[in-house]
Amino acid sequence: MSSAAKVRIAPSLLSADFGRLKDDLAMLEAGGADWLHVDVMDGVFVPNLTFGAKVIETCRALTTLPLDVHLMVVEPEKYFDSFAKAGAAMLTIHVETAPHLHRQLMRIKELGCGAGAVINPATPVESLRDVAADLDLLLVMSVNPGFGGQKFIPGSVEKIQRARALLNAAGSRALLEVDGGITRDTITACWRAGADTFVAGNAVFSAKDPAAEIAALRARCAETV
Ligand code: DX5
Ligand code: ZN
């Protein structure tokens with residue numbers, strides 16, 4: 001990644017302690033997180049069930065961090081209006097559940113949110129070629145979605161390189177995000193491959209000092225430019 005690119009660290013709400021959500025969000029904000037990543041799962045597209053508009057609205061009231069909403073649901077368009085209203089800054093949808101991807105991305109933009117597209121580990125980067133110029137964010141999954149705390153799939157690094165090349169070829173200024181298994185050990189290779197935005201759930205929330213962990217993750221990128 002070029003030295004001009006800003007590193008964004010997006011801790012995942014999935015790993016937060018919901019008994020003390022207000023404190024956790026304040027801690028992330030004070031600790032220098034750039035975004036809050038919100039994993040919406042429907043128990044159909046992925047084998048887990050998480051949050052809806054009410055939780056997004058609650059987070060919106062508790063933090064000033066932009067809410068980076070990752071929709072792991074079938075028929076994601078059903079939720080665009082309510083999630084935009086609840087305060088999502090970014091709505092990112094899976095190519096695997098979006099047969100009318102271009103229309104769906106345009107609708108997200110109409111609602112005033114950033115429009116993101118995400119690909120599972122088995123989905124080729126090439127599937128985003130024809131919408132690359134329309135994206136505000138391209139998200140490469142580096143685990144199979146559904147759960148926090150999984151192991152990073154090593155082939156994701158090369159996939160990030162291909163995603164970076166695709167965005168560059170399209171003249172797109174989209175952010176390139178990576179999600180799943182990001183730790184001090186995996187983040188540097190992703191940054192070098194061209195990612196600029198990093199979701200981190202387990203790494204941040206299982207650390208003794210989450211704020212220090214956010215700083216350490218960021219430093220692992222800066223070190224290498
Ligand atoms: C996985 C989610 C991720 C997850 C990341 O389905 O999309 O955002 O919370 O968690 P870690 O960083 O623990 O792999
Ligand atoms: Zn996610």
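The values are calculated or read from the model by the stated rules, or taken from the named source; none is laboratory data. Computed from a predicted model, the values in this text were never measured in an experiment. Cβ atoms come from the backbone with ideal geometry, glycine included; neighbour counts cover every protein chain shown. When the accessible area is computed, the model is the full protein with side chains, heavy atoms only, and any ligands, DNA or RNA have been set aside. Shrake-Rupley method; radii C 1.70, N 1.55, O 1.52, S 1.80 Å.
Considering the range 4-58 alone, what residues qualify as being part of a helix (DSSP H, G or I) and within 13 Å of ligand 1 (Cβ to nearest atom)? Don't jump to the end; show me each part of the working.
Residues of the range 4-58 that are part of a helix (DSSP H, G or I), as a first pass: 13-15, 18-30, 53-58.
Within the range 4-58, Leu13, Leu14, Ser15 qualify.
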Filter result for the condition that a residue is in contact with a helix residue (DSSP H, G or I) (Cβ under 8 Å, 6 or more places away or on another chain), without any contact (Cβ under 8 Å) to a residue 24 or more places away in the chain and either closer than 16 Å to Ala5 by Cβ or within 16 Å of ligand 2 (Cβ to nearest atom) (or both), over Ala195, Ala117, Ala203: Ala203
Some residue of the range 95-110 being under 18 Å from the mean Cα position of the chain (by Cα), away from ligand 1 (no atom under 16 Å from the Cβ), open to solvent by 70 Å² or more (accessible area, probe 1.4 Å) and among the charged types (D, E, K, R): yes
Residues located in the range 166-206, provided they are away from ligand 1 (no atom under 16 Å from the Cβ) and part of a loop (DSSP other than H, G, I, E, B): Ala170, Gly171, Ser172, Arg173, Ala174, Gly194, Asp196
The range 151-165, residues that are outside any helix (DSSP H, G or I) and charged (D, E, K, R): Lys151
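How many of the residues in the range 120-135 are in a loop (DSSP other than H, G, I, E, B) and either surrounded by fewer than 20 Cβ atoms within 10 Å (Cβ to Cβ) or within 14 Å of ligand 2 (Cβ to nearest atom) (or both)?
We begin by selecting, within the range 120-135, every residue in a loop (DSSP other than H, G, I, E, B); these are 120-124, 135.
Restricting the remaining residues to those that are either surrounded by fewer than 20 Cβ atoms within 10 Å (Cβ to Cβ) or within 14 Å of ligand 2 (Cβ to nearest atom) (or both) gives 120-124.
So the answer is 5.
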Cβ-Cβ under 7 Å pairs, at least 6 apart or on other chains, the range 31-42 side acidic (Asp, Glu), far side in a strand (DSSP E or B) and away from ligand 2 (no atom under 11 Å from the Cβ): Asp34/Arg8; Asp34/Ile9; Asp42/Leu49
Per-region count, the range 135-183, residues charged (D, E, K, R) and over 20 Å from Ala122 (Cβ atoms): 2
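Yes or no, residue by residue, for (1) open to solvent by 10 Å² or more (accessible area, probe 1.4 Å); (2) at pLDDT below 95; (3) within 25 Å of Asn144 (Cβ to Cβ):
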{"site": "Ser2", "(1), (2), (3)": "yes, yes, no"}
{"site": "Leu28", "(1), (2), (3)": "no, no, no"}
{"site": "Trp35", "(1), (2), (3)": "yes, no, yes"}
{"site": "Val40", "(1), (2), (3)": "no, no, yes"}
{"site": "Gly43", "(1), (2), (3)": "yes, no, yes"}
Test: residue in the range 11-21 that is among the polar types (S, T, N, Q), surrounded by 16 or more Cβ atoms within 10 Å (Cβ to Cβ) and within 16 Å of ligand 2 (Cβ to nearest atom): yes
